[in-house]
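Have a look at the structure below, then the notes.
The values are calculated or read from the model by the stated rules, or taken from the named source; none is laboratory data. Values in this document were obtained by computation on a predicted structure and should not be read as measured data. All Cβ positions, even for glycine, are placed from backbone atoms using ideal geometry, and neighbour counts span all protein chains on display. Keep in mind that these areas ignore ligands, DNA and RNA; they rest on the heavy atoms of the full protein, side chains included. Shrake-Rupley method; radii C 1.70, N 1.55, O 1.52, S 1.80 Å.
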Amino acid sequence: MTAATHTTPTGPIRRALLALLLCCALLGSAVACGGGGDEAGSAQATPSGSSSAEKQKFAKTRFVANAGLAAGATYQWIVKPYREGKFKQGAEGRTFALAKAGLAGAFTYNRLKAAVQNAKGDPLLSKAVAPLDEGIEKLKDMGTKLRDGNVSDKDVSSFESVITDVKDAGRSAGAPVTDKVPSVSQLGG
């Protein structure tokens, strides 16, 4: 004798009803979380202000990061090897030291220009950094000069002086700069 299986028509109906309820609940929560309306999201994402400097977020943080990398590169790859005599004619590793110094010079100039641009996003920092543009501009061709081995005390002092001025400007505006030494691969990339 076989046992009769007893199926009720309510089993499949219950499953369909449960699936429908779950779909409605998921759809309702997506709409409630703002998944459908672009108007509200775009109004909140647009920063206020009329210039790009005013729109820049985290101006001090970016300034500190860029100035810190410039300071670290200057000390590690220009000032320190120069003081150790690695740029002198006949010094062991001179060619490699000069190549790194050349890259560091270009890198430093680039990061300082970026730091000045970042500073424009903060009124106090912008005022503190504004007088440094001329000194930073003088560093523009120093990377090539370093790479070619035509470096003097005056050139190294120029780097140190500009870095000190940038650090002092940051400190006076509430954005203290600490040296962050970039790797050799960061210098070239």
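Just list whichever of K60/K154; K140/K167; K145/K180; K145/K167; K60/K88 have alpha carbons separated by over 27 Å in the model shown.
K60/K154; K60/K88
Counting only protein heavy atoms, what percent of the accessible surface of the range 49-189 is carbon or sulfur at a 1.4 Å probe?
For the range 49-189, the apolar C and S fraction of the accessible surface comes to 51 percent.
Per residue of the range 167-182, what does 6.51 cos²θ - 1.76 cosθ + 1.60 with θ = phi - 60° give for ³J(HN,Hα)? Whole Hz please, x for Gly and Pro, Karplus curve as stated.
3J(HN,Hα) across the range 167-182, in whole Hz: 4, 5, 5, x, 4, 5, 9, x, 10, x, 9, 10, 5, 10, 7, x.
Sorted by average packing, counted as other Cβ atoms within 10 angstrom per residue and highest first, what order do 112-124, 88-100, 171-183 take?
Ranked by mean Cβ neighbours within 10 Å, highest first: 112-124, 171-183, 88-100.
Grab the other residues whose beta carbon is less than 15 angstrom from that of P176, score K and R as +1, D and E as -1, and report the net.
+1
How large is ³J(HN,Hα), in whole Hz, for each residue of the range 61-66 in order, when computed from phi with the Karplus curve 6.51 cos²θ - 1.76 cosθ + 1.60 and θ = phi - 60°, using x for Gly and Pro?
With coefficients 6.51, -1.76 and 1.60, one gets 4, 5, 4, 4, 5, 5 Hz.
For every other residue with a beta carbon closer than 10 angstrom to the beta carbon of A65, add +1 if it is Lys or Arg and -1 if Asp or Glu, then tell me the sum.
Surrounding charge for A65 is +4.
Where does the range 54-122 land on the Kirkwood hydrodynamic radius, alpha-carbon pairs, in angstrom?
This gives a value of 12.9 Å.
Find the accessible area per residue for the range 92-131; the probe is 1.4 Å, ligands and nucleic acids are left out, and the unit is Å².
48
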